[in-house]
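Novice: Input: one structure, supplied below.
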Amino acid sequence: MTDHPHLPGQLAGSILSDAEASWPVASSESKYESPYVSLGVDTIVDPDGAEHARAVVSPNDAIGILALDDEDRLLLVEQYRHPVRRRLLEIPAGTLDVPGESALDASIRELAEEADLIAGHWESQLKLVATPGYSTESWQVFLATDLSPVPEADRIARLAEEADMVQWWLPFDEAVAAVLAGRISDSLTVAAILAAQVLRSK
């Protein structure tokens, strides 16, 4: 390792990566439990031996789907999100709330449930941790292409906020422009679109 010649910090090599680590936990206290999310408080011990209380939110992990049609249009769903009191434009997404379900299987299910679509081709695009300062949640994004509609008889009735969803098809380049202009703000959607744009430029 080499120090930066003029600024605090060290110069990184060509390969820099997140690393597994775990500080000791002196105690854990459960504050809230539900099938969807739990909240606890861990008291962690730093390398100097000092203790610090940290809230830990543990929701189900989630997936997102970049669904592109044959004309390079991206599917966005417009959905009411009560915590932020806004209707957000998002890629189809959902949680891994079926026991034993893989991330890919959850993506297949969510695309059918939210958009009445089947994809003939699936490809893993991106893996993320959502808000690591207080949450254990991780996300995985898949690219879905070779799309066809779910037969009418097999479609699932959407409920609550999902019943109010609107599906939009936006040219991919315009989706990138909408992200950069701040018209799309959902973090999973932003990360997925920009990652796809970078992959296209390689």
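Novice: Which far-off residues, 5 or more places away or on another chain, put their amide H under 5 Å from the one on Ile118, with H placed in the peptide plane?
Specialist: Hits under the 5 Å cutoff: Ser148, Val150.
Novice: Using the C-alpha atoms of the chain, what convex hull volume per residue, in cubic angstrom, is computed?
Specialist: Roughly 189 Å³ of hull volume per residue.
Novice: FRET efficiency for Trp168 and Ser34, Cβ-Cβ distance as r, R0 = 41 Å, nearest 0.05?
Specialist: 0.85
Novice: Quick check: pseudo-label points 7 Å beyond the Cα along Cα→Cβ at Ser14 and Glu51, how many nm apart are they?
Specialist: Modelled inter-label distance: 4.8 nm.
Novice: Go ahead and estimate [θ] at 222 nm for the chain from helices alone: -39,500 (n - 2.57) per DSSP H run with n ≥ 4, summed, over the residue count, rounded to 500.
Specialist: Taken over the chain, the calculation gives -6000 deg cm²/dmol.
Novice: Can I ask one more? Under 5 Å between amide hydrogens, which residues at least 5 positions from Asp186 or on another chain qualify, with H placed 1.01 Å from N in the peptide plane?
Specialist: Leu89
Novice: Of Pro59, Pro83, Pro151, which has the largest mean-square fluctuation in a 10 Å C-alpha GNM of the chain?
Specialist: Pro83
Novice: Hey, another quick one. If you build a Gaussian network model of the chain, linking Cα atoms that sit under 10 Å apart, which residue out of Ile118, Ile63, Ile44 swings the most?
Specialist: Ile44
Novice: Still on this structure, please answer the following. May I ask you to give the solvent-accessible area per residue for the range 133-198, in square angstrom, as obtained with a 1.4 angstrom probe?
Specialist: For the range 133-198, the solvent-accessible area averages 56 Å² per residue.
Novice: In nanometres, what is the gap between the two model label sites at Val198 and Ser148, each 7 Å from Cα along Cα-to-Cβ?
Specialist: In this crude label model, Val198 to Ser148 measures out at 3.5 nm.
Novice: Then there is this: Keeping all protein chains in the complex and leaving out DNA, RNA and ligands, what accessible area do you get for Tyr80 with a 1.4 Å probe, in Å² to the nearest 10?
Specialist: Ignoring ligands and nucleic acids, Tyr80 comes out at about 80 Å².
The values are calculated or read from the model by the stated rules, or taken from the named source; none is laboratory data. Every value quoted in this text rests on a predicted model; they were computed, and no experiment measured them. In this analysis, Cβ positions are derived from the backbone assuming ideal geometry, glycine residues included, and neighbour counts consider all displayed protein chains. For the accessible areas, the whole protein counts, side chains as well, though only heavy atoms, and no ligand, DNA or RNA atoms are used. Shrake-Rupley method; radii C 1.70, N 1.55, O 1.52, S 1.80 Å.
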